[in-house]
Amino acid sequence: MSHWIVAPTLLPALTAAYLILFARNDIFHQRIVSVAATLMLVLLTFGLYQLAGDGESRAYLLGNWPAPFGIVQVLDRLSATMLLLTACLAFIVVVYAIHGWDRRGRYFHALFQFQLLGINGAFLTGDFFNLFVFFEVMLIASYGLMLHGGGPRRLKAGFQYVTINLISSTLFLFAVGLIYSVTGTLNMADLAAKAGQVGAGEVALLRTGALLLFMVFAIKAALVPLHWWLPTTYAAASAPVAALFAIMTKVGAYSILRMYGLVFGADAGPLALVAAPWVIPAAIVTLAIGAIGVLASRTLLDLVCFSVVASMGTLLIALGLFDEVGIAAALYYLLHSTLAGAALFLLVDLIAVRRGRARDRLNAAPPFPRDYVYGGLFFLAAIAMVGLPPLSGFLGKLLILDATRETAHAGVIWATVLGSSFLMLVGFSRAGSVLFWKSAAQPPQEEEEEPKRRVLPTVAAGALIAGMVLLSVFAGPVSRAVTDTAQQALDTRAYVEAVLGSIKTARATGH
Amino acid sequence: MSMEFLLASAIGTLTAAGVYMTLRARTFPVIIGLALLSYAVNLFLFSMGRLVVDRPPIIHPLATTYTDPLPQALVLTAIVISFGMTALIVVLALRSFLETGSDNVAMREMNEGANIEPRSEEAPR
């Protein structure tokens, strides 16, 4: 039993506590500690990724309570991949944030670390009630981060965001209660083992619980018709927070995969793949609405928000297949869309702050110094998000189209994916040409005192785009890795053995 | 009337009232609605271990049956979390009322113009 498995939750927890207790008033102290801790998290999760690379699921028994009774954390390829992605994204975002955003309210870094604690915990946990608790940790920190910077707009949007999440937490508890009342367990592995053996009279109750839980995850993943909170929230949040939130929707997608690929997977008897009939139709509508939203947006930030909705639709179409090829494609697209969404959020901020009074409105405004750099970065991020060659968005969509080729809905899926890509292409081209080409024709800005800009925020946004370039260049190894991950994620038996079998191991070693 | 009927109808009434209140247009009824929903879910979780009277929550050699202690632990966690969340959302609603002068939940009038405030990238040092 490797104790390192618990470290991705411990490190941010201790860092956050340290930041609140000892670095409350010293922003430089906070920055150093927060950046160093996030860098350590990157190294740590890379180590765990290597550890999980052998294809074995490892269970960590907290307090060494045997598995179905105590809380268990499970490290497998899927959770290790998600942890590594979170840590890399967090590092880039925190580097971006130390250039001013973190001073616009207190406790940015502490909340940031608590947010990482919640996300890492949600990826690692092997217990549904514990998942609820980590969701709450994640959400409570996200409320604080979302309100970071203040202002009436954020407060209004924040109230809506908190309300919808409190309702989803309530639904989560109802679902957990129903599942517990039928099966008597909340441990994912134990539940997976018992889900197939539920008596005929209780199947309906368990199905209700499972589908209520699906609704909770669908809210997190912004699946239609539960996606309305996303554009408002992300548009109101500050740029680094919106970029970090790019991983939060993926927590929903991850939970859907764990719950309905593994626990209520193909072996779950009458409840096998209970959510599968809902995922693909809802995802198709999500994609269509996202694309229409992109076309209809009047500000750059709204455009990016709706493109995130569309990318969640694309991701969940592939995930909804619940087979190896589909999940592998979904995971590749997940890696890509997290980076693409975060890169765009940072770029919008960089561009809007340079455009003076026009901000991010999609109308012509006087050009700003070095707009070719931001135009170029926006161009790269946009082609990645839309899914044009040669970047990873294209490869991701190609994998998804290939995975859905033989399915029943292939015609609808292909039409939606290709049609929405076209709509998004039009939307992004229009935005880019207005922002950079029409603006170039405008008379130059009245000579104001041009504030001194720092270069590191731009480098941070560029690093996310470089990540997508790497994802495209190393598409072969990455797609092999995600195929292995998908295979392991669907292997209910190995997961159950790893978690419940560890009772014997723990007793034998007396450890 | 049986215990089950009482508890079930209490949960149902609380949920219905909670859903109705959360759909109101002003912040205060919404908060009341969220509180009612959290009471409903706490009762619901509590009843998930089945309703029994006068049973120990542990397995004891003298007791023939026992009541399931786990839902009670779950309820305790849920109460703590929903209590904290209610406090947060009350403060949030109050602050938002003070800053915008309106306690309406909708954002209709807020959506005009650009999203990003000036000088977002670099604040004064």
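The values are calculated or read from the model by the stated rules, or taken from the named source; none is laboratory data. No experiment lies behind these values; they were computed from the predicted model shown. Cβ coordinates were reconstructed from backbone atoms using ideal geometry, including for glycine residues, and neighbour counts include every protein chain displayed.
Numbers below:
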item: The one condition in (1) over 23 Å from the mean Cα position of the chain (by Cα); (2) assigned to a helix (DSSP H, G or I); (3) among the hydrophobic types (A, V, I, L, M, F, W, C); (4) within 26 Å of A:G261 (Cβ to Cβ) that A:L83 fails to fulfil; result: (1)
item: Among (1) within 14 Å of chain B (Cβ to nearest Cβ); (2) not in a helix (DSSP H, G or I), the one test that A:C305 misses; result: (2)
item: Residue check, A:G209 assigned to a helix (DSSP H, G or I) and either closer than 25 Å to A:T81 by Cα or touching a strand residue (DSSP E or B) at 6+ places or on another chain (Cβ under 7 Å) (or both); result: no
item: Qualifying residue in the stretch A:222-233 (condition: out of contact with any strand residue (DSSP E or B) (no Cβ under 9 Å at 6 or more places or on another chain), among the polar types (S, T, N, Q) and buried (at least 24 other Cβ atoms within 10 Å of the Cβ)); result: yes
item: Filtered residues of the stretch A:167-185 (kept if outside any helix (DSSP H, G or I) and either at the interface with chain B (Cβ under 9 Å from one of its Cβ atoms) or among the hydrophobic types (A, V, I, L, M, F, W, C) (or both)); result: A:G184
item: Single residue of A:D76, A:D54 found to be closer than 30 Å to A:L500 by Cβ, out of contact with any helix residue (DSSP H, G or I) (no Cβ under 8 Å at 6 or more places or on another chain) and assigned by TED's automatic domain parsing to the domain that holds A:M248; result: A:D54
item: Matching option when the condition is assigned by TED's automatic domain parsing to the domain that holds A:V251, among the hydroxyl-bearing types (S, T, Y), at pLDDT below 95 and farther than 22 Å from A:A192 by Cβ, among A:Y60, A:Y96; result: A:Y96
item: Which listed residue is surrounded by fewer than 24 Cβ atoms within 10 Å (Cβ to Cβ) and either touching a strand residue (DSSP E or B) at 6+ places or on another chain (Cβ under 7 Å) or among the polar types (S, T, N, Q) (or both), from A:F134, A:F91; result: A:F134
item: Residues satisfying the stated conditions in the stretch A:38-96, i.e. among the charged types (D, E, K, R) and touching a residue at least 12 places away in the same chain (Cβ under 8 Å); result: A:E56, A:R58, A:D76, A:R77
item: Any hit, the stretch B:92-106, residues being at pLDDT 80 or above, under 20 Å from A:L186 (Cα atoms), more than 9 Å from chain A (Cβ to nearest Cβ) and surrounded by 16 or more Cβ atoms within 10 Å (Cβ to Cβ); result: no
item: Residues of the stretch A:217-256 that turn out to be under 21 Å from A:L85 (Cβ atoms), within 11 Å of chain B (Cβ to nearest Cβ) and among the small types (G, A, S), as a count; result: 3
